[in-house]
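Student: Here it is: the structure, laid out below.
Please treat every number below as a calculation from the coordinates, not as lab data. Source: prediction; values computed, not measured. No Cβ is skipped: glycine too gets one built from the backbone with ideal geometry, and neighbour counts run over all protein chains shown.
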């Protein structure tokens with residue numbers, strides 16, 4: 001597509017301009033491109049304030065069954081954010097707020113207000129996909145059930161996240177449940193790779209990107225509505241309209 005456009009340009013186009021267009025193309029091919037804008041000047045820490053983060057924690061169960069209260073923290077999130085500076089910084093300021101609200105809506109739902117670190121009864125479930133065993137072989141006696149803010153699952157996700165972040169996701173998946181910074185990094189990695197690219201299509205598409213038919217298309221309408229409720233609540237707190245296409 002770009003080649004056609006370049007071929008139709010007049011002879012007065014400079015090499016600098018053509019080089020710039022080529023760099024734009026390479027960037028989009030090598031990573032997620034949320035719209036066509038470059039990173040904006042939003043400071044995510046100014047949006048994810050202490051009050052915003054702690055309000056989510058405070059809604060969790062206040063008992064021994066809530067280990068996440070001593071695990072998840074705004075400090076760990078911001079530390080992890082240093083490795084994902086594009087998160088929440090695409091498009092306009094309102095776009096940034098919507099993306100942050102969307103991510104935290106999913107984090108809240110997946111962990112029940114940052115209460116759970118690991119999937120309930122996860123050890124009883126098989127998340128070893130043998131079709132990906134050549135690239136991401138399942139290690140003996142290791143389990144790839146949900147862990148962290150986004151409840152990372154499956155050997156191929158642990159393997160790919162580990163390669164990107166810098167830990168052995170296949171041989172030490174438990175790191176996601178023991179190191180809060182790594183835990184948030186896996187959430188931001190998954191979001192950047194799989195969810196952020198569909199933000200422009202509305203919050204409903206972020207649910208589809210994460211859960212597919214398990215929740216969308218009538219799979220679990222209650223879960224979908226719960227995610228939407230968190231999202232609209234956080235959008236309201238951040239002073240931004242939630243946009244259209246909220247469900248899937």
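Student: Using alpha-carbon positions, what is the distance between the centroids of the stretch 62-100 and the stretch 202-231, in Å?
Tutor: Result: 20 Å between the Cα centres.
Student: Please list the radius of gyration and Dmax for the stretch 122-177, considering alpha-carbon atoms only, with Å as the unit.
Tutor: In Å, with Rg to one decimal and Dmax whole: 9.9, 28.
Student: Separation between the residue 69 and residue 200 pseudo-spin-labels, each 7 Å from Cα along Cα→Cβ, expressed in nm?
Tutor: 4.3 nm
Student: In Å, what is the Rg of the alpha-carbon atoms in the stretch 73-193, and how long is Dmax?
Tutor: Over the stretch 73-193's Cα set, Rg and Dmax evaluate to 14.4, 47 Å.
Student: Determine, for each peptide in 170-182, 206-218, the mean count of other beta carbons within 10 angstrom over its residues, then list the peptides with the highest first.
Tutor: Highest-to-lowest ranking by the protection proxy: 170-182, 206-218.
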